[in-house]
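See structure below.
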2 protein chains.
Amino acid sequence: MRNVYIIGVGMTRFAKHLDRSIKDLAGEAVTDALKDADIGKKDLEGAWFANSTWGFFEGQDQVRGHTALASMGIHEIPVTNVESACSGGSQAVHGAWLGVASGAYECVMAVGAEKLYNEDKTRSFKALAAGTDVENIRPMHEAWFQRLREAGIEIPLDERDENNSARGPMMDIYAYMVRWHMKTYGTTQRQLAVVTSKNHWHGSLNPKAQFQKEMSVEEVLAARPVLYPLTVPMCAPLGDGAAAAVLCSDSFLKRLKSPRPVKVLASAYGSGAPGFIDKSDKYIAARLSGKAYNMAGVGPEDIDVVEVHDAACFAEIKLSDALGFCKLGEGGPFAESGATTLGGKIPINVSGGLISRGHPLGATGVAQLHELVTQLRGEAGKRQVEGARIGMAENGGGTIYFEEASMAIHILERMPRRSSARKPKVLGHSSTGNETC
Amino acid sequence: MRNVYIIGVGMTRFAKHLDRSIKDLAGEAVTDALKDADIGKKDLEGAWFANSTWGFFEGQDQVRGHTALASMGIHEIPVTNVESACSGGSQAVHGAWLGVASGAYECVMAVGAEKLYNEDKTRSFKALAAGTDVENIRPMHEAWFQRLREAGIEIPLDERDENNSARGPMMDIYAYMVRWHMKTYGTTQRQLAVVTSKNHWHGSLNPKAQFQKEMSVEEVLAARPVLYPLTVPMCAPLGDGAAAAVLCSDSFLKRLKSPRPVKVLASAYGSGAPGFIDKSDKYIAARLSGKAYNMAGVGPEDIDVVEVHDAACFAEIKLSDALGFCKLGEGGPFAESGATTLGGKIPINVSGGLISRGHPLGATGVAQLHELVTQLRGEAGKRQVEGARIGMAENGGGTIYFEEASMAIHILERMPRRSSARKPKVLGHSSTGNETC
């Protein structure tokens, strides 16, 4: 496989962009990414475009990327329209990566753009429902109730709402997951608030973030409940935005005058398994990160900065062990220790994560790589992770069974590489990774 | 780039499958393709899934491939959901091809599945409208009227219906195109009927075709008009179906006991340009086929069997010169000469094409490759093209300007290759291809 580099990134601020169209948002992200790469539209040989809800809200699907890119004067190149609920952006990056790695294309773009916010929030929540097997939403919930019952956790009838008209359909599932984790590993609501407060602080340092305001642990705990133990600031907001990344080959890189490339060490993409996963090291994020670590020839101890898919803050706790950064079940205390805070051992979601930077579905996976590239280039300003050399992004999307329908993990490395050799490959992370920290 | 082979294909009959779901149709196609390849589900390392209207009709989008494949017990592997109006199936194949060519995957699948037929046909037509830039449908039509006016062709007011409530929105555009072609090159309505009658005869020989009934030229001409000069049988029907293809690498191929592989010589994918194309050799199909011929190291004279995107029969006439099989503007007389009929010089749409085999959007591009693989293996029965060695498929999708929003061209070759060497590469087809026949 050929080497692949990210040479340019761009994104809009994530926000409620009531007066802007998808074309307009995507246009800003693409223009910024091309400028960042110091290339022109004519240099692009292909594009992958991620969006999930344009059809639902405005009837535009089938040729979404074609219409958005044509509105910017980008024509003729192959455009692949992808979607995968919250992980569509990473699907676009994975496609673009295959395009360059294969030798078929020298310079391509991955774009994600979404307008999810609607003044009638029930419309937004309805749009989110398509991130699952829509004819089996009730059986999926019933399976959860049954599995929790076996673990001694009963979900009261008034907390069962698989139609999810008043809150995002995924937040119920997250709440069920947390209750199981609390009972099994002793995770506390306060730990959830610690993660949330941390990410809101991180977001306050990011000019692209939807929320740029600090929140204390007490404020998070006192906020309006969604479904116990989740409160509103613990959940990703509805919002709009776009992000873009330019990927290229070695030969294209050589044509650039002053490139600031970041190397893609791994692009691992996969889907969920059907059974209930009671051990994080069997969870999709552990399986995929094992694959990604092997592709990259690095281990969890080599990662300097991480973006994870905290659609609810709990995900960060679950992922901390699944990705190999702490021991099984210890994601809560690990966050409480400050290890995942900017300045800590392994800063997670320095961008603010989904709960503070925002989460316009199709754009999120690309925005995660925007953050990593910015960090690895040392251009992250107040939120810079000192000396960051290798970064990881995890992006999940939808749910069919108990775990995510799809997930992608990318590992990036700054260029030029430091003179110190990389540490030896960590083998077998997928089965032992939780013991590596 | 690594070699890529198609080792298995499967498809449902294309038809009005009122009582069957997308999951069920996709399940039949996938099961047949795996059986045809003589491999199991566990051998698949990835899948690309094309569909355009599941969300419109049933609210299932975002994770379409994940839910469809999960219903068949296919889990964990990366699934990329793609769509590109009528060419989504080829987008899936192109993605799968990149996956194997890159070295990331050894064995993957491309699947297309669609349920387009609705008893309320206006619903089906509305679904099709999303194959264009939905907020610019009227300006696109106005641009056509203006361009035709410049050519001395006036579209009467009662033939302008950009809302397309009573017929497919693309058929108006096709009718405008034909009128220009008739005036410019002397193409006749009878030639359209000849193509249509031929494809209905071909369809009568194909047990997977939606229509399996011959129609005479006179019957086609006497049928109900859609918009002059098109009559109903000249246009692809609304229908449902699914198709699947298994793609693999050299190393995977070696693991199989009795493979019947077909080699992918070229996978070229692209988008339309904005201007009106008045010369077929500048048309997207000429640009892309030039690229495909160069990738494959063959020229139009090497092609033995062709599947093209005849959403309206006229497309076949236009494509005959754009792909280099006859001189500029002579597609009509070329069809009339019998050259494109089974048994002729270069048989086109031996499957029956879109107008007879059927056209369930996302499935069509994969079904075209199903036909080519069947032909190149010599397994096409009554419609076998004698000694077929190299086949080409052209699949277009949607429209934003004057030409297709997207298009893919694949060239396949039967294995093992005959001892005779391939003819030398045809260079510069994209500018001179129309003179090659």
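The values are calculated or read from the model by the stated rules, or taken from the named source; none is laboratory data. On a predicted model such as this, the values are computed, not experimentally measured, just so you know. All Cβ positions, even for glycine, are placed from backbone atoms using ideal geometry, and neighbour counts span all protein chains on display. Calculation scope for accessible area: heavy atoms of the full protein, side chains included, ligands and nucleic acids excluded. Shrake-Rupley method; radii C 1.70, N 1.55, O 1.52, S 1.80 Å.
Assorted remarks:
- Links that overshoot a 28 Å alpha carbon limit, given the list B:K41/B:K382; A:K23/B:K327; A:K35/A:K208; B:K115/B:K183: B:K41/B:K382; A:K23/B:K327; B:K115/B:K183
- Sparse-neighbour loop sites [GluC sites (Glu not before Pro); the stretch A:245-326; at most 11 other C-beta within 10 Å; DSSP]: none
- Distance between the stretch B:50-65 and the stretch A:321-337 - C-alpha centres, whole angstrom: 37
- Qualifying aspartates and glutamates (Cα of each under 13 Å from Cα of A:K318; at least 8 residues distant if same chain): A:D278, A:D281, A:D310, A:E330, A:E394, A:E403, A:E404
- 1.4 Å probe, heavy atoms, protein only - residues of the stretch B:61-85 losing at least 30 Å² accessible area vs chain alone: B:D61, B:Q62, B:V63, B:H66, B:T67, B:H75, B:E76, B:P78, B:T80, B:N81, B:E83
- Shape category assigned to the stretch A:279-360 from the gyration tensor of Cα positions, a/c cut at 1.5: rounded
- Label-to-label distance, nm, for residues given as A:R2 and A:K35 (7 Å Cα→Cβ offset): 2.9
- Residues of the stretch B:249-293 buried by at least 40 Å² on assembly (accessible area, 1.4 Å probe, chain alone as reference): B:Y269, B:S271
- For chain B, accessible area per residue (1.4 Å probe, heavy atoms of protein chains only), Å²: 32
- For the stretch B:83-91, the Karplus equation 6.51 cos²θ - 1.76 cosθ + 1.60, evaluated at θ = phi - 60°, returns couplings of 7, 7, 6, 6, 10, x, x, 6, 5 Hz by residue, with Gly and Pro reported as x.
- Backbone phi angles across the stretch B:276-289, fed through the Karplus curve with coefficients 6.51, -1.76 and 1.60 (θ = phi - 60°), yield HN-Hα couplings of 6, 9, 9, 10, 4, 6, 9, 5, 3, 5, 6, 4, 5, 5 Hz in residue order; Gly and Pro are listed as x.
- Rounded to the nearest 10 Å², the accessible area of A:M170 at probe 1.4 Å: 40
- Counting only DSSP beta bridges whose two residues both lie in chain A, roughly 70 percent are antiparallel.
- Think of each Lys and Arg Cβ as +1 and each Asp and Glu Cβ as -1; about the Cα centre, that makes the dipole of the protein assembly as shown roughly 2020 debye.
- Both chains summed, the buried accessible area for A and B stands near 4200 Å², from protein heavy atoms and a 1.4 Å probe.
- Converting phi to 3J(HN,Hα) with the Karplus coefficients 6.51, -1.76 and 1.60 and the offset θ = phi - 60°, the stretch B:99-111 yields x, 7, 4, 6, x, 6, 9, 9, 8, 9, 10, 10, 10 Hz in sequence order, with x at every glycine or proline.
- Beta-bridge orientation, the protein assembly as shown: approximately 75 percent antiparallel, per DSSP, counting only bridges with both partners inside.
- Remark on A:T80: its backbone amide H falls under 5 Å from those of A:A47, A:W48, A:F49, a criterion applied only to residues 5 or more positions apart or on other chains, H modelled at 1.01 Å from N.
- With contacts taken as Cα pairs under 8 Å and at least 6 residues apart, chain B reaches a relative contact order of 24 percent.
- Rounded to the nearest 500, the 222 nm mean residue ellipticity of chain B from helices alone is -11000 deg cm²/dmol, with -39,500 (n - 2.57) taken per DSSP H run of at least 4 residues.
- Fraction of accessible area attributable to carbon and sulfur, chain A (%, probe 1.4 Å): 51
- Rounded FRET efficiency, nearest 0.05, which uses the C-beta distance separating B:T122 from A:D250 and R0 of 51 Å: 0.45
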